[in-house]
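Here is the structure we will look at.
The values are calculated or read from the model by the stated rules, or taken from the named source; none is laboratory data. Just so it is clear, the model here is predicted, and its values are computed rather than measured. FYI the Cβ positions are ideal-geometry reconstructions off the backbone, even for glycines, and counts take in every protein chain you see. Heavy atoms of the whole protein, side chains included, go into the accessibility calculation; ligands, DNA and RNA do not. Shrake-Rupley method; radii C 1.70, N 1.55, O 1.52, S 1.80 Å.
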Amino acid sequence: MQSSTRFLPHYTPEELATIQLDGLKWTVRHAATGSDAYAAKFRDAGIRPEDIRSLDDLRHLPCTSVEDLRDGYPFPLLSVPERNVVRMHASSGTTGKRKVLTYTQKDVNDWMEMMARCYELAGLTELDRIQICAGYGLWTAGAGFQLGAEHFGAMAVPVGPGNMNMQLQLLVDMGVTCMCSTASMALLMGEEVEKHGLRDSLRLRTCIFGSETHTPKMRQRFTELLGIEDSFDISGMTELYGPGAGLECAAHDGIHYWADMYIVEILDPETLEPVQPGEVGEMVVTTLRKEAAPLIRYRTHDLTRLIPGECSCGLALPRHDKIMGRSDDMIIFRGVNIYPGQIAAVLGDFDGISSEYQVTLARRDGRDFMTVAVERAKGAHSGGDEALATAVGQELHRQLMARAAVQVVDHGALPRSFGKTRRVIDDRENGCAAE
Ligand code: ZN
């Protein structure tokens, strides 16, 4: 890591703990006095702001959930006078009512500081040109990447998603060095770049991927197709400002998150008790300085784990693992809990297949069946399909305790999309819907 950093903070563990406790006390007092919804929640739980004396007292606070956001529509958890609000963003609202989140100017400033840290951690400089292929408008993604790029001092190329021809033209003509998109979109772009023989005209060095994680195998594919040097997952969600809540470092061993801005707890989604250190559970976040819509023990439904120990990159900020799926995406297959991310991890160990996959669940004669379709690696011969399918099936069984029929299909046969690719098709009559 660079010895002098403009945005990344350096804290001792004691300094960080002090910042977190001060932020927690401030947030609880702020929410209790500014928001009727929070005040009622604390009253019901029998807790007063002055009861928060240590970081351990966090566990006495009630959780907030997506229902709290919906109940408070259109301005849920609003904890400041309306005149202090300068902006709103909303999530796509594919499930039920839109989640609307509000921002004060200080919230916007904190958000762009977080994003600037991400660009610094990704190794960018003010000379970088950042093509932003994420959604603008109500969505946080485009706005977040752009605010951060300008605050950081790099040049933003604000394209938005889709429109492949324009994307390719700008990548080449603007001499773009960094692309921010979903991993699915980068794969599409890479395949177009290959088709048009544009790789040598690109100056791309870095990709930053939001909203879906990418595997080492995908990173290798992006390096081949786009000529990049490295790629990083960025974390974030609308509720927590937007993208930029943390970033992978070059060690690619988890995501450093801004623990001076929010606290992460990992809880068992059933009992809401903390899991053992290093175990997978639901990420629950508490903001430390968010004014307009503070989050107190907000259940993200994202599954991950905290990574113990110090990172080899030397950055003294804690890490969580990549998001392994949503607690809502959990597939219950013959009594076993499976997350799509676990299937991706197993497939990532095989050289003969691409990074694309699709899971289909069916029910026949009252029994569940799972088929996992994988793509033969580019240029590989179909003669090895049977042995490959058997090996993948055995490894899925060994690691996930689930038997799946593995089907090897031609390279490029599985659907690609601009956004999150739909990985699970659940055709069981009464099966829980999985995305
Ligand atoms: Zn690191």
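A Förster radius of 45 Å, combined with the Cβ-Cβ distance separating D427 from R59, puts the computed FRET efficiency at roughly 0.65. On full extension, the segment bounded by K106 and E82 gains 7.2 nm, given 0.36 nm per residue less the C-alpha separation. For the range 77-89, putting each phi into the Karplus relation 6.51 cos²θ - 1.76 cosθ + 1.60 with θ = phi - 60° gives couplings of 6, 4, 10, 10, x, 4, 5, 8, 7, 10, 6, 10, 9 Hz, in residue order, rounded to whole numbers and with x for Gly and Pro. Along the axis of the charge dipole computed for the chain (Cβ charges of +1 for Lys and Arg, -1 for Asp and Glu, origin at the Cα centre), the listed residues H252, I296, I52 are led at the positive end by I296. Mind checking the range 1-87 for chymotrypsin sites (Phe, Trp or Tyr not before Pro) that DSSP puts in a loop (not H, G, I, E or B) and that have at most 15 other Cβ atoms within 10 Å? For chymotrypsin sites (Phe, Trp or Tyr not before Pro) across the range 1-87 that sit outside H, G, I, E and B with at most 15 neighbouring Cβ atoms in 10 Å, the list reads Y11. Ligands, DNA and RNA left out, the 1.4 Å accessible surface of the chain is 49% carbon and sulfur atoms. Using the Karplus relation 6.51 cos²θ - 1.76 cosθ + 1.60 with θ = phi - 60°, the per-residue 3J(HN,Hα) values for the range 126-133 come to 5, 7, 6, 10, 10, 8, 9, 9 Hz, with x marking Gly and Pro.
Taking the Cα centre of the chain as origin and assigning +1 to Lys and Arg Cβ atoms and -1 to Asp and Glu Cβ atoms, the resulting dipole is close to 680 debye. So which of K41/K322; K99/K217; K290/K322 end up more than 27 Å apart by C-alpha? Going by Cα-Cα distance, K41/K322; K99/K217 fall outside the 27 Å limit. How many angstrom lie between the Cα centre of the range 47-108 and the Cα centre of the range 11-34? Value for the Cα centre distance between the two parts: 16 Å. For the pair A251 and D328, label points projected 7 Å from Cα toward Cβ lie 3.4 nm apart.
Less than 5 angstrom separates the built amide H of Q407 from those of V372, A373, V374, all sequence-distant by 5 or more or on a different chain.
Helix 385-400 axis versus longest C-alpha principal axis of the chain: approximately 30°, rounded to the nearest ten.
Heavy atoms of the protein chains alone define the surface here; on that basis the range 143-253 has 35 Å² accessible area per residue at 1.4 Å probe size.
Note on E386 and E194: the extension gain reaches 66.2 nm, defined as 0.36 nm multiplied by sequence separation minus the Cα-Cα distance. Taking the Cα centre of the range 329-381 as reference, the dipole from Cβ charges on Lys and Arg (+1) and Asp and Glu (-1) amounts to some 220 debye. Comparing C313, F222, P158 along the charge dipole axis of the range 1-328, the residue lying farthest to the positive side is P158, per the Cβ-charge model. The range 114-176 and the range 267-287 have Cα centres lying 33 Å from one another. Between the Cα long axis of helix 13-34 and the first principal axis of the chain there is an angle of about 70°, rounded to the nearest 10.
A 1.4 Å probe run over the protein chains yields, for the range 271-376, 40 Å² of accessible area per residue, whole-number rounding. Listed by chain and number, the aspartates and glutamates whose C-alpha is less than 15 Å from the C-alpha of K25, apart from same-chain residues fewer than 8 away, are E50, D51, D56, D57, D260, E291.
Along the range 288-305 the Karplus relation, 6.51 cos²θ - 1.76 cosθ + 1.60 evaluated at θ = phi - 60°, assigns HN-Hα couplings of 10, 8, 7, 8, 5, 9, x, 10, 10, 6, 7, 7, 7, 6, 8, 9, 7, 9 Hz to successive residues, with x for each Gly and Pro. Between Y262, F350, Y38, the Cα set farthest toward the positive side of the dipole of the chain (charges on each charged residue's Cβ, about the Cα centre) is that of Y38. Restriction of the GluC sites (Glu not before Pro) in the range 83-152 to DSSP coil positions whose beta-carbon has at most 14 other beta-carbons within 10 angstrom yields E126. Note on E229 and K97: their simple-model spin labels are 4.9 nm apart, each label 7 Å out from Cα toward Cβ.
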